1. So, in the range 99-133, of the ones that are farther than 16 Å from V63 by Cβ and β-branched (V, I, T), which residue ends up nearest to the chain's Cα centre (by Cα)?
2. Exactly one of (1) under 20 Å from L177 (Cα atoms); (2) free of Cβ contacts under 8 Å to residues at least 40 places away in the same chain is unmet by Q73. Its number?
3. What pairs can you find where one residue is in the range 133-146 and free of Cβ contacts under 8 Å to residues at least 60 places away in the same chain, the other is among the β-branched types (V, I, T) and in a helix (DSSP H, G or I), and their Cβ atoms are less than 8 Å apart, with a gap of 6+ or different chains?
4. H93 - would you say it is over 30 Å from Q146 (Cα atoms) and either in contact (Cβ under 8 Å) with a residue 60 or more places away in the chain or surrounded by fewer than 12 Cβ atoms within 10 Å (Cβ to Cβ) (or both)?
5. What about V142, is it within 18 Å of the chain's Cα centre (by Cα), surrounded by 15 or more Cβ atoms within 10 Å (Cβ to Cβ) and outside the structural domain of V43 (by TED's automatic domain parsing)?
6. Give the residue that is nearest to L169 (Cα to Cα), with candidates limited to residues of the range 109-144 that are assigned to a helix (DSSP H, G or I) and touching a Lys or Arg at 6+ places or on another chain (Cβ under 9 Å).
7. Name the residues in the range 145-178 that are among the aliphatic types (A, V, I, L, M) and assigned to a loop (DSSP other than H, G, I, E, B), would you?
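The values are calculated or read from the model by the stated rules, or taken from the named source; none is laboratory data. Fair warning: this is a prediction, and the values are worked out from it, not measured in the lab. So basically every Cβ, Gly included, is an ideal-geometry build from the backbone, and we count neighbours across all protein chains shown.
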Amino acid sequence: MDFSGGSGGPRSSQQAILAAAVFPQGYSVVQPTDATAQPDRAVGYGAFGVVWAVTDPRDGKRVALKKMPNVFQNLISCKRVYRELRMLSTFRHQNVLSLYDIVQPDHIDLFNEIYVLTELMQSDLHKIIVSPQPLTSDHVKVFLYQILRGLKYLHSANVLHRDIKPGNLLVNSNCCLK
């Protein structure tokens, strides 16, 4: 999937992203509370797809909608996605991202991508580290404690996270890290 938007500048790039984002019925992009974010922008990009801030039409709650395109192109992709979804659906811990739902397609013929609903987190640890606002030693201790709690939980389930880095550690406005 090409999100470059050609050479038309940032606005056409955002329009290209929106054009590529065919959301499941009833889901729509919501206005982020972050003043730097645009309502027509993805909130993040992961290894398996694009993440959007949306409103869940069932309860009006703000959630993250992860669009995982082309998951059935090859067996390796299928296995990775299945493994991620299986793990996320079984884990229940304060420092591990919660999977709310997997949105089913309207028609089986359209089932070439998967939409996953998870908690919506406001930032990641990398953005916090590089921000001009200094972190106190207490902040560092709280973040480190939460990282270790989440890792201990995963390791107790015999799961080894192979891509731990600040950009993959999500943080909400209450400094809760997942």
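1. Looking at residues that are farther than 16 Å from V63 by Cβ and β-branched (V, I, T), I get I128.
2. The number of the failed condition is (1).
3. L135/I128; L135/I129
4. The answer is no for H93.
5. No, not satisfied.
6. Across the range 109-144, the extreme among qualifying residues is L125.
7. Passing the criteria: A157, V159, L160, I164, L169.
Residues are listed down the side, and each one gets a yes or a no for (1) modelled with pLDDT under 75; (2) of a type in the set (D, E); (3) over 17 Å from the mean Cα position of the chain (by Cα):
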position: G5; (1), (2), (3): yes, no, yes
position: Q15; (1), (2), (3): yes, no, yes
position: V29; (1), (2), (3): yes, no, no
position: A37; (1), (2), (3): yes, no, no
position: F48; (1), (2), (3): yes, no, no
position: V51; (1), (2), (3): no, no, no
position: R58; (1), (2), (3): no, no, yes
position: Y82; (1), (2), (3): no, no, no
position: L97; (1), (2), (3): no, no, no
